[in-house]
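Peer 1: Can you keep this structure in mind? I'll have questions shortly.
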Amino acid sequence: MRTNRIALSVFAAIVFTQCTNTAESGKSEQPTESRSLLAIFAHPDDEATVGPVLAKYAAEGVAVYLAIATDGRYGVTEHAKIPAGDSLASVRAEEAKCAAEKLGIQPPIMFGLHDQLRNG
């Protein structure tokens, strides 16, 4: 399972997109460059592996977005003492928001899918 998370984290699309916009005012139209970075992960906290990279690009003016597929409701750890379910999903969503803020990136896009393909 850990190997799958690492593989997904590596593969999971740190997608770099460069766009060129043309200014619509005045005689001299100067192209402006805006850069965006989208990092997509399966679980809340998976972004920790590339957090420094995300922060670096954000500090350079890149619009950095983080998308997280699952809500992490089954990612129980002994030391946290939070049972699986809605309360854990809520805590992990707040942690993702806090991490994004500390990294200087956009608020996370949370798809809210249940972990491990469980329904309910």
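Peer 1: If you take the residues of segment 57-74 that are touching a residue at least 40 places away in the same chain (Cβ under 8 Å) and part of a loop (DSSP other than H, G, I, E, B), which of them is nearest to Gln106 (Cα to Cα)?
Peer 2: Here is the first cut: in segment 57-74, the ones touching a residue at least 40 places away in the same chain (Cβ under 8 Å) are 58-59, 63-74.
Imposing the further condition that a residue be part of a loop (DSSP other than H, G, I, E, B) reduces the set to 71-74.
On the way: Asp71: 18, Gly72: 20, Arg73: 23, Tyr74: 25 Å.
That would be Asp71.
Peer 1: Which of the residues belonging to segment 89-112 are in a strand (DSSP E or B) and either surrounded by fewer than 16 Cβ atoms within 10 Å (Cβ to Cβ) or in contact with a Pro (Cβ under 6 Å, 6 or more places away or on another chain) (or both)?
Peer 2: Hits for segment 89-112 are Ile109, Phe111, Gly112.
Peer 1: Against the condition in contact with a helix residue (DSSP H, G or I) (Cβ under 6 Å, 6 or more places away or on another chain), at pLDDT 90 or above and surrounded by 15 or more Cβ atoms within 10 Å (Cβ to Cβ), how does Leu54 come out, does it pass?
Peer 2: For Leu54, the condition - in contact with a helix residue (DSSP H, G or I) (Cβ under 6 Å, 6 or more places away or on another chain), at pLDDT 90 or above and surrounded by 15 or more Cβ atoms within 10 Å (Cβ to Cβ) - is met.
Peer 1: Another one. Among the residues of segment 75-88, what is the count of those that are in a helix (DSSP H, G or I) and either among the aromatic types (Phe, Trp, Tyr) or surrounded by fewer than 14 Cβ atoms within 10 Å (Cβ to Cβ) (or both)?
Peer 2: Kept after step one, since they are in a helix (DSSP H, G or I), are these residues of segment 75-88: 78-80, 86-88.
After this cut, where a residue has to be either among the aromatic types (Phe, Trp, Tyr) or surrounded by fewer than 14 Cβ atoms within 10 Å (Cβ to Cβ) (or both) as well, the list is 78-80, 86-87.
The total comes to 5.
Peer 1: Assuming Ile68 fulfils every condition listed in (1) under 22 Å from Leu113 (Cα atoms); (2) at pLDDT below 95 apart from one, which condition is it?
Peer 2: (2)
Peer 1: Among (1) modelled with pLDDT under 95; (2) within 19 Å of Gln106 (Cβ to Cβ); (3) aromatic (Phe, Trp, Tyr); (4) outside any strand (DSSP E or B), there is one condition Phe16 misses while meeting the rest; what is its number?
Peer 2: Tallying (1) modelled with pLDDT under 95; (2) within 19 Å of Gln106 (Cβ to Cβ); (3) aromatic (Phe, Trp, Tyr); (4) outside any strand (DSSP E or B), Phe16 fails exactly one: (4).
The values are calculated or read from the model by the stated rules, or taken from the named source; none is laboratory data. As the structure is a prediction and not an experimental result, all values here were calculated from the model. As a convention, Cβ positions derive from the backbone with ideal geometry for all residues, glycine included, and neighbour counts pool all protein chains shown.
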